[in-house]
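To start, the structure under review is shown below, and the notes come after it.
The values are calculated or read from the model by the stated rules, or taken from the named source; none is laboratory data. Bear in mind that the values here come from a model prediction, so they are computed numbers and not experimental data. Note that we place each Cβ from the backbone using ideal geometry, even for glycine, and neighbour counts take in every protein chain shown.
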Amino acid sequence: MKSCHLPRWVLCLPLVLPGSLIAAGGPYAVDDALIAPERGLLLETWYLRRGSGEDERVAVVSYGLTARSELSVGLTRERAGGERTRLVEVGGKHVLASPAMDGLGIALAGAVVTNADDDRLQAMEAYVPVDAPVGDGRFVFRYNLGWSHDRDAEDRNALTWGFAGDLLLVPAVSLLGEIRGSQRDRSEVQTGVRFDLGFPGELDIVHGWQRRDPDIRWWAVGLALEF
């Protein structure tokens with residue numbers, strides 16, 4: 001496998017392409033049971049900023065293979081400890097039950113992450129996202145249960161979990177919050193506001209922190225478009 005050298009305009013595509021949005025995870029880690037429309041594209045991009053000059057720039061493109069399956073490719077550029085790392089993620093999702101048709105959303109999802117600088121497989125994950133609308137659907141409870149494998153010095157396996165809520169405040173504004181973690185790592189919390197931009201598109205503004213060490217914090221802003 002050759003190294004992946006990507007021009008800057010690839011990372012900017014989600015900022016300029018038009019479309020009609022259905023849903024987007026964006027900077028949030030707890031996934032939903034929704035996918036891109038059949039033969040349509042869902043484009044997401046976000047910027048995450050931590051302290052001490054650490055940040056992430058991410059762009060994800062998802063394509064609806066069928067009415068119930070999608071394939072996604074994500075590009076991440078990380079800066080931490082004075083070093084830059086480029087990651088390529090290839091994932092997929094298959095919907096077993098749709099919230100709109102079945103009242104409860106259930107899907108199977110997974111991804112493989114490769115370090116583009118040294119062509120090394122870095123991580124794998126598989127999980128089950130579940131969406132449970134409450135009442136009239138203005139509030140949606142989500143949870144993910146799964147497994148991850150990190151090819152670090154310890155070559156670790158871990159069970160993963162995540163819980164999230166999505167509350168529609170007014171027609172164009174939603175409040176989101178989540179907590180997620182694994183059996184090995186400390187849990188993290190994220191909360192923020194999602195705006196329906198109406199052209200169509202969605203804008204996320206997110207604040208996150210480690211639950212046991214609230215001094216470790218980050219901010220993120222994300223944009224999602226569908227066409």
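Checked across the stretch 97-104, the condition of being within 18 Å of the chain's Cα centre (by Cα), buried (at least 16 other Cβ atoms within 10 Å of the Cβ) and of a type outside the set (D, E, K, R) holds for no residue. Annotation note: of Val221, Val128, the sole residue that is under 28 Å from Ser52 (Cα atoms), touching a strand residue (DSSP E or B) at 6+ places or on another chain (Cβ under 9 Å), at pLDDT 95 or above and outside any loop (DSSP other than H, G, I, E, B) is Val221. Of all the residues that make up the stretch 167-185, how many are acidic (Asp, Glu) and at pLDDT 95 or above? Looking only at that region, the number is 1. Between Val61, Val88, Val112, the distinction of being over 22 Å from Pro133 (Cβ atoms), at pLDDT 95 or above and touching a Cys at 6+ places or on another chain (Cβ under 8 Å) belongs to Val88 only.
The set of residues from the stretch 67-96 being surrounded by fewer than 18 Cβ atoms within 10 Å (Cβ to Cβ) and β-branched (Val, Ile, Thr) comprises Val73, Thr85, Val90. Scanning the stretch 143-158 for residues being over 13 Å from Val30 (Cα atoms) and touching a Phe, Trp or Tyr at 6+ places or on another chain (Cβ under 9 Å) gives a total of 4.
When Glu154 is tested against the conditions (1) touching a strand residue (DSSP E or B) at 6+ places or on another chain (Cβ under 9 Å); (2) without any contact (Cβ under 8 Å) to a residue 24 or more places away in the chain; (3) not small (Gly, Ala, Ser), the lone failure is (1). When each of His149, His207 is tested for being out of contact with any Cys (no Cβ under 6 Å at 6 or more places or on another chain) and at pLDDT 95 or above, the lone residue that passes is His207.
Evaluating Val140 against the criteria (1) under 13 Å from Asp31 (Cβ atoms); (2) buried (at least 16 other Cβ atoms within 10 Å of the Cβ); (3) out of contact with any Pro (no Cβ under 7 Å at 6 or more places or on another chain) leaves one unmet condition, (3).
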